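The values are calculated or read from the model by the stated rules, or taken from the named source; none is laboratory data. Here the structure is a predicted model, which is why all the values come from computation and not from measurement. Cβ coordinates were reconstructed from backbone atoms using ideal geometry, including for glycine residues, and neighbour counts include every protein chain displayed. Only protein heavy atoms, including side chains, enter the accessible area calculation; ligands, DNA and RNA are left aside. Shrake-Rupley method; radii C 1.70, N 1.55, O 1.52, S 1.80 Å.
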Protein chains: 2
Amino acid sequence: MATPLALPPNTSPETFKNFLAAVSKTVGDENIRVVTRLEELHDGTYHEQPRTHDPHHIVDQDYFLASAVICPRSVPDLQAIVRIANEFQIPLWPTSIGRNSGYGGAAPRLRGSVVLDLGRHMNRVLEVNVDGAYAVVEPGVTFADLHQYLVEHGLRDKLWIDVSSNWVWFLIWVEARFLGILWRGESGIHLTEANHWMMHCGMEVVLPSGELMRTGMGAMPQPKKLGEPSVPLHEEPGNKCWQLFPYGFGPYNDGLFSQSNLGIVTKMGIWLMPNPGGYQSYLITFPRDEDLHQAVDIIRPLRLQMILQNVPTIRHILMDAAVLGTKTEYTSTKGPLDDAELDGIAKRLNLGRWNFYGALYGPESTRNALWGIIKDAFSAVRGAKFYFPEDIKQKSVLHTRDKTLQGIPTFDELAWIDWLPNGAHLFFSPISKVSGDDAMLQYSVTKRRAREAGLDFIGTFTVGLREMHHIVCIVFDRKDPDSKSRAHWLIKTLIADCAAYGWGEYRTHLAVMDQIAETYNWNNNILMRFNEAIKNTLDPNGIIAPGKNGIWPSTYQKSLYKL
Amino acid sequence: MATPLALPPNTSPETFKNFLAAVSKTVGDENIRVVTRLEELHDGTYHEQPRTHDPHHIVDQDYFLASAVICPRSVPDLQAIVRIANEFQIPLWPTSIGRNSGYGGAAPRLRGSVVLDLGRHMNRVLEVNVDGAYAVVEPGVTFADLHQYLVEHGLRDKLWIDVSSNWVWFLIWVEARFLGILWRGESGIHLTEANHWMMHCGMEVVLPSGELMRTGMGAMPQPKKLGEPSVPLHEEPGNKCWQLFPYGFGPYNDGLFSQSNLGIVTKMGIWLMPNPGGYQSYLITFPRDEDLHQAVDIIRPLRLQMILQNVPTIRHILMDAAVLGTKTEYTSTKGPLDDAELDGIAKRLNLGRWNFYGALYGPESTRNALWGIIKDAFSAVRGAKFYFPEDIKQKSVLHTRDKTLQGIPTFDELAWIDWLPNGAHLFFSPISKVSGDDAMLQYSVTKRRAREAGLDFIGTFTVGLREMHHIVCIVFDRKDPDSKSRAHWLIKTLIADCAAYGWGEYRTHLAVMDQIAETYNWNNNILMRFNEAIKNTLDPNGIIAPGKNGIWPSTYQKSLYKL
């Protein structure tokens, strides 16, 4: 095969060719694509994302570049590829559906790594179990796929899924209330990083050695025909609790396969939500910038008491404005918009400076009781207004939320990326207490830095149970080098600012993984030394995702790959 | 110091003496106790449990025997002890309050290990944070201690704790609904194994090297004065989210310190429950043995829907009978009681063959709505009766549950151990689907085997969200060798029976850890090989809890220690 544009470090074209030849014997040439020409690097659309590089390239388009893309058809394929990669010491970068948008997409941290596109073939819903309210899925299954499965099998009246179809941080099932804080990886039901952590149950993992391991109750002899949805697991011999009880016996290892480079998850159980028997989405608008403070302090106790049943979000006006139009449709101003312009946009969209989206679950009596308490509490904010979807005639984010909050995936909100021409974005997401003081301080810091970078502040605060995520959407023009470098400067600066304030991030773009990892350096960086010790034991050749989240195997000299 | 009765393997009295001399320089002789005489081996009371051996000894009283008991006063003490243990290659067995009753108490798996009694000195509630609804505790803090702290600080109206004061599997806070399935270790808030797994947030761990690590957000620079409750953390500089957000950046490592021998947890955050604003406990009785089937199938959907807000339990009549009296108070029969006798006892106690204990949480309107649904559903069981505590005049388990289900610890239920003279017990807890078929099959298997062993069946079914725990309480006479060996035979036989049916256990007594670990042997025992690889990397000298849950470091030859 042809020589790739980007070879892995210390790998000759000859070695790489031999590696591919060996892989080809397993998966066939049709499942191998060598990245040979820059012209191939189209940034794609949301529905067809490139697997070769980051479509939202904050650095040069070919900096985070794959040498080749391989699409295993099955677990045995994947095991064989991993064994061959060990033999030739070729770094692999597993990805599910490659939509880790704002974090690097499908692109590898280490230039020249081979991207494993698991989503292409390994995308089956293996089982949906109604009694146990769970599904077993392969890495390529998206929320849309799973929802479609429920609809096609007439299960939608029994089971709902938690939709996180990119940018949708809301959670729809009652026991999933923690999940907003648990989004740790790609969009889609992403099996190479933990997503909706608490709701996953049982994993099958290809280890860096190529061996296959099952966690929890999966380590007992299992029903034979897993993977044949036509034969329900519960009719098979073997342990039936792999997707019912997460822990098994001894250490709970699943976390090692979340946001890590210690294995490739090939099957996962995910708990579904029983249809709650009733549903109502709503919007509450707050007119003033400073209302954020009061709103967050009102949210905290309501959230702890589960009166707010899912993960609520308070969106800045520009977040909604960007979903409904591009910047040029609102203003001719090039730089960051000022308060007067923001007020004008809010007026025009009939929204507040901050807009709070939520939903009520359960029978009408329950919903009414909860709504009474919620309305009462937020009425303390002067000028707060309350809406149900039917109250709003114009196009509105609430109409999208009304779908997603009941488990119906939609991509409508992605439009906000086009706020600027050639729109691309980075996410910056510091974690803080659920407090008005923290919210206002984070908001003022990020707003000021965004202004310094000549960019608009677009962001939202989402509230887990006991912590708050501040999701800052850094939108830039990926074809304007200046815009890109300003966005890059902004995120690096915000990471340092927030670390100084004691705020940390829980996931990030390839370009700043090392910087963020270094902020978790308590006691002479013991956590990283611990992670590296485990990495080097399980993956002595350092073939699985070198550099992911700042963890580099001993086979690579970290400092050589600093940006 | 004197030579212990039981020395660690391959350790000369001289070496052990030198080890203790070195440790003594750190903690002082007053915190070291060498176990030199059999007469010392009193089995103790619940409130004063021995740290030297298993008070419920299923094998010889001195089989699982400590060489010495050391009580570190602080984290630096503990770090020093671990470093010295590495130097002299002495195995350590960390325990919190030593009440792992039914599982071995404080006793080590490997005879001659040094028991680390963390509960003696490291037992402070370091902080209770009301806004964040969490506590930070040391390993020796019990539920009673934490409850007492809340009462003394006037916080009881704001925060409740989840009580699991041994044998109480119920869970009292709404977001803790998973916790029943998460009890993985000792009683008390136990920091060397995970207990209430989902509700823990953030750990500080002494690694086998003696280094100190903090997980999650704790790996960022922390507030300085942690450990001084007088200074609330949120007024300190540094990251404030250690107890608010469990994950941090990169792999989620906490699970490695649950039910493992990879480190010693010295601080842990635990989420508390906001006072739900209302509470009502209840009892539902079912008259017939076979009602278990119908009751479990009624429970499954109610539990999934969260109409049953906490972890419900269906107790066999003898479980309650044993709490209220000894066997001889009910009958002169020596062997297992038959149905007629069980019916007689039920009649006398005004209970059913199966008795279901639960509670409702929230304002009265919520509780009434839920109670209506629950009563309705269980009325389908012919002869089911419904009680609130005030309906019952005689002494009743419901009166205990009424306390524990609202977070008030009590030891009253422990009385069931005295069903037989010199009462001792083993727990056997297979996991299954929440289904009537599984419940009846497990019940019939265990009842039959108990009968073969000449023992009464005493057990309860507790229901997590998607799985069921069958807690079989094997009560025996610890001073009767025949009774002991029959109990030992029973648990070994049940483990094998259940493995054949595809049911696994998630925790167990020291004596059968290896047997259960071997049932999780899928794919050539890859899970155990994975656990051993990590064990040998983090603990090359194999000093932390060798043999725990079947995980033996390479420094010990597993086969030599088989029972």
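Does any residue in the range A:522-544 that is touching a residue at least 60 places away in the same chain (Cβ under 8 Å) and at the interface with another protein chain (Cβ under 8 Å from one of its Cβ atoms) come within less than 8 Å, Cβ to Cβ, of a residue that is open to solvent by 30 Å² or more (accessible area, probe 1.4 Å) and not hydroxyl-bearing (Ser, Thr, Tyr) six or more places away or on a different chain, and which pairs are these?
A:Leu538/B:Ala533
Can you pull out every residue in the range A:102-131 that is in contact with a His (Cβ under 8 Å, 6 or more places away or on another chain) and either within 14 Å of another protein chain (Cβ to nearest Cβ) or surrounded by fewer than 24 Cβ atoms within 10 Å (Cβ to Cβ) (or both)?
A:Tyr103, A:Val128, A:Asn129, A:Asp131
Could you list, in sequence order, the residues of the range A:532-562 that are open to solvent by 10 Å² or more (accessible area, probe 1.4 Å) and in a helix (DSSP H, G or I)?
A:Glu532, A:Ala533, A:Asn536, A:Thr537, A:Leu538, A:Lys548, A:Lys558, A:Ser559, A:Leu560, A:Tyr561
Picking from B:Ala6, B:Ala2, B:Ala22, which residue would you name as being open to solvent by 50 Å² or more (accessible area, probe 1.4 Å) and more than 30 Å from B:Leu414 (Cα to Cα)? Explain how you work it out, then say what you get.
Working: B:Ala6 fails: open to solvent by 50 Å² or more (accessible area, probe 1.4 Å); B:Ala22 fails: open to solvent by 50 Å² or more (accessible area, probe 1.4 Å).
After applying the criteria, what remains is B:Ala2.
From the list B:Leu349, B:Leu370, B:Leu337, which one is closer than 21 Å to A:Ala369 by Cβ, in contact with a Leu (Cβ under 8 Å, 6 or more places away or on another chain) and in contact (Cβ under 8 Å) with a residue 12 or more places away in the chain? Walk me through it before giving the result.
Values: B:Leu349 fails: closer than 21 Å to A:Ala369 by Cβ; B:Leu337 fails: closer than 21 Å to A:Ala369 by Cβ.
Answer to the selection: B:Leu370.
Across the range A:428-472, which residue is farthest from the other protein chains (Cβ to nearest Cβ) among those that are assigned to a helix (DSSP H, G or I) and open to solvent by less than 10 Å² (accessible area, probe 1.4 Å)?
Of all residues in the range A:428-472, those assigned to a helix (DSSP H, G or I) come to A:436-452.
Filter once more, keeping what is open to solvent by less than 10 Å² (accessible area, probe 1.4 Å): A:436, A:439, A:442-443, A:445-446, A:450.
Working: A:Gly436: 11, A:Ala439: 13, A:Gln442: 12, A:Tyr443: 17, A:Val445: 16, A:Thr446: 17, A:Ala450: 23 Å.
Once the filter is applied, the top-ranked residue is A:Ala450.
Among the helices (runs of 4 or more DSSP H) lying completely within the range B:283-402, list those that include at least 3 residues that are open to solvent by less than 10 Å² (accessible area, probe 1.4 Å) and either at pLDDT below 95 or under 27 Å from A:Met306 (Cβ atoms) (or both).
Numbers: elements: B:291-304, B:317-324, B:327-330, B:339-349, B:364-378.
Helices (runs of 4 or more DSSP H) meeting the threshold: B:291-304.
Of the numbered conditions (1) within 14 Å of another protein chain (Cβ to nearest Cβ); (2) without any contact (Cβ under 8 Å) to a residue 60 or more places away in the chain; (3) not acidic (Asp, Glu), A:Leu302 fails exactly one; give the number of that condition.
With (1) within 14 Å of another protein chain (Cβ to nearest Cβ); (2) without any contact (Cβ under 8 Å) to a residue 60 or more places away in the chain; (3) not acidic (Asp, Glu) applied to A:Leu302, the lone miss is (2).
Please verify whether B:Val137 is in contact with a helix residue (DSSP H, G or I) (Cβ under 7 Å, 6 or more places away or on another chain), open to solvent by less than 10 Å² (accessible area, probe 1.4 Å) and touching a residue at least 60 places away in the same chain (Cβ under 8 Å), treating the condition exactly as stated.
On the way: in contact with a helix residue (DSSP H, G or I) (Cβ under 7 Å, 6 or more places away or on another chain): yes; open to solvent by less than 10 Å² (accessible area, probe 1.4 Å): yes; touching a residue at least 60 places away in the same chain (Cβ under 8 Å): yes.
The answer is yes for B:Val137.
Applying the selection to the range B:408-430, what residues are over 25 Å from B:Ile495 (Cα atoms) and modelled with pLDDT under 90?
Across the range B:408-430, the qualifying residues are B:Ile408, B:Pro409, B:Thr410, B:Phe411, B:Asp412, B:Glu413, B:Ala415.
May I ask you to list the residues in the range B:79-125 that are within 16 Å of B:Lys267 (Cα to Cα) and either touching a helix residue (DSSP H, G or I) at 6+ places or on another chain (Cβ under 9 Å) or charged (D, E, K, R) (or both)?
To start, the set of residues in the range B:79-125 that are within 16 Å of B:Lys267 (Cα to Cα) comprises B:79, B:94-97, B:116-125.
B:Pro94, B:Leu116, B:Asp117, B:Leu118, B:Arg120, B:His121, B:Met122, B:Asn123, B:Arg124, B:Val125, listed by residue number.
How many residues, within the range B:500-518, are in a helix (DSSP H, G or I) and more than 7 Å from chain A (Cβ to nearest Cβ)?
The initial filter retains those residues of the range B:500-518 that are in a helix (DSSP H, G or I), namely B:500-501, B:510-518.
Narrowing further to those that are more than 7 Å from chain A (Cβ to nearest Cβ): B:500-501, B:510-515, B:518.
Counting residues in the range B:500-518 that are in a helix (DSSP H, G or I) and more than 7 Å from chain A (Cβ to nearest Cβ) gives 9.
Filter the range B:500-515 down to residues that are open to solvent by 20 Å² or more (accessible area, probe 1.4 Å) and in contact with a strand residue (DSSP E or B) (Cβ under 9 Å, 6 or more places away or on another chain), then give me how many there are.
Of the residues in that region, 1 qualify.
Does at least one position in the range A:25-43 carry a residue that is open to solvent by less than 40 Å² (accessible area, probe 1.4 Å) and closer than 27 Å to B:Gly250 by Cα?
no
Within the range B:403-427, can you find the residues that are crowded, with 22+ Cβ neighbours inside 10 Å, of a type in the set (S, T, N, Q) and assigned to a loop (DSSP other than H, G, I, E, B)?
Once the filter is applied, which keeps residues that are crowded, with 22+ Cβ neighbours inside 10 Å, of a type in the set (S, T, N, Q) and assigned to a loop (DSSP other than H, G, I, E, B), the range B:403-427 yields nothing.
Could you please find all residues in the range B:69-94 being within 11 Å of B:Arg111 (Cα to Cα), in a strand (DSSP E or B) and open to solvent by less than 10 Å² (accessible area, probe 1.4 Å)?
Restricting attention to the range B:69-94, the residues satisfying the condition of being within 11 Å of B:Arg111 (Cα to Cα) are B:91-93.
Subsequent filtering for residues that are in a strand (DSSP E or B) retains B:92-93.
Hit for the range B:69-94 is B:Leu92, nothing else.
Go through the range A:485-496 and give me each residue that's away from chain B (no Cβ under 14 Å) and surrounded by fewer than 21 Cβ atoms within 10 Å (Cβ to Cβ). It would help to see each step written out before you state the result.
First pass over the range A:485-496, keeping only residues away from chain B (no Cβ under 14 Å): A:485-494.
Those that are away from chain B (no Cβ under 14 Å) and surrounded by fewer than 21 Cβ atoms within 10 Å (Cβ to Cβ): A:Ser485, A:Arg486, A:His488, A:Trp489, A:Lys492, A:Thr493.
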